[in-house]
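Each value in this text was obtained by applying a stated rule to the coordinates, not by laboratory testing. All values derive from a computational prediction rather than experimental measurement. Note that each Cβ is placed from the backbone with ideal geometry, even for glycine, and that neighbours are counted across all protein chains shown.
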Ligand code: ZN
């Protein structure tokens, strides 16, 4: 790999490969370069015989603010078909690849995870969050169903998934833990240590057994229909983009984005993130 500009890669414990989002000045917004570099780093780790566990972490106060809308602005010029194919290749299929990596993956999450930020942590096997972590997907307010890897109901249960999508407000780490979306909630200063301890513990167990256990749990979800549900939701997502394009001339409702940013600022000012 050419020297990555959007991520950092290290091996902090024996058998543990850590990939860290390294764009804190932009709240780790995902541009094309970041997604390409993540994809390559995960593939390398999955093939490297010295790696047993993969950790996904993030620099800075927030895990990820989602897609970098400036970098993906060209999608607004695409035809509906080109847009559907692009998001399938660059967003959706990659989430599937990451979700189906042979090796176990652990997301280490602090601060805000917004919209497609969730598309980085939900494909992971375990999620360790700090107390300040919050999770939201406000994009239903912009005229689409939710972000492209639509596993919301599987992660949160149907009723909470609907509230997350309808209201656009964040859920806390504690609530995500209660819902089973997060494995452990720890103090911010202990987040890295706890994550690496768990990663090292798993790395010290039978890689065959762990990988087969992962494949089996994933197969259970697949047998319940998760891949079909995600596929259908993806086409519904593009019904949203196409409708927005017809009504506003752009693939999402940009006026609604501005309104959502204002609401988020008001929440932050009120101390409710
Ligand atoms: Zn989209």
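Quick notes
- Exposure proxy order (Cβ contacts within 10 Å, fewest to most) of 216, 65, 116: 216, 65, 116
- FRET efficiency, residue 179 to residue 267 (Cβ-Cβ, R0 22 Å, nearest 0.05): 0.60
- For the chain, built as a Gaussian network whose Cα springs stay under 10 Å, the top-fluctuating residue of 49, 170, 123: 49
- If you run the Gaussian network model on the chain, springs between alpha carbon atoms under 10 Å, then out of 254, 56, 118 the most flexible one is 254.
- Segment residue 167-residue 25, length gained on full extension (0.36 nm per residue, minus Cα span): 48.4 nm
- Rounded, prolate or oblate (a/c below 1.5 giving rounded, otherwise prolate when a/b exceeds b/c) for segment 82-180 by Cα gyration tensor: oblate
- Helix 254-269 and the long axis of the chain differ in direction by around 60°, with both axes built from C-alpha atoms.
- Estimated 222 nm signal from helices in the chain, with DSSP H stretches of n ≥ 4 weighted -39500 (n - 2.57), rounded to 500: -14000 deg cm²/dmol
- Cα gyration tensor, segment 7-270 - rounded (a/c under 1.5), prolate or oblate: prolate
- Between the Cα long axis of helix 191-203 and the first principal axis of the chain there is an angle of about 60°, rounded to the nearest 10.
- Look at 50, 222 and count the other Cβ atoms within 10 Å of each Cβ; fewest to most, that gives 50, 222.
- As a length-normalised measure over Cα pairs under 8 Å and 6 or more apart, the relative contact order of segment 8-64 settles at 48 percent.
- The separation of segment 205-273 from segment 1-79, counted between C-alpha centres, amounts to 18 Å.
- In degrees, nearest ten, helix 32-47 long axis to first principal axis of the chain (Cα): 30
- Which of 63, 142, 150 has the fewest Cβ neighbours within 10 Å, and the rest in rising order: 142, 150, 63
- Cα-projected label distance for residue 200 with residue 243, points at 7 Å along beta-carbon direction, nm: 5.1
- Shape of segment 140-232 from the C-alpha gyration tensor: oblate (a/c of 1.5 or more and a/b not above b/c, with a ≥ b ≥ c the square roots of its eigenvalues).
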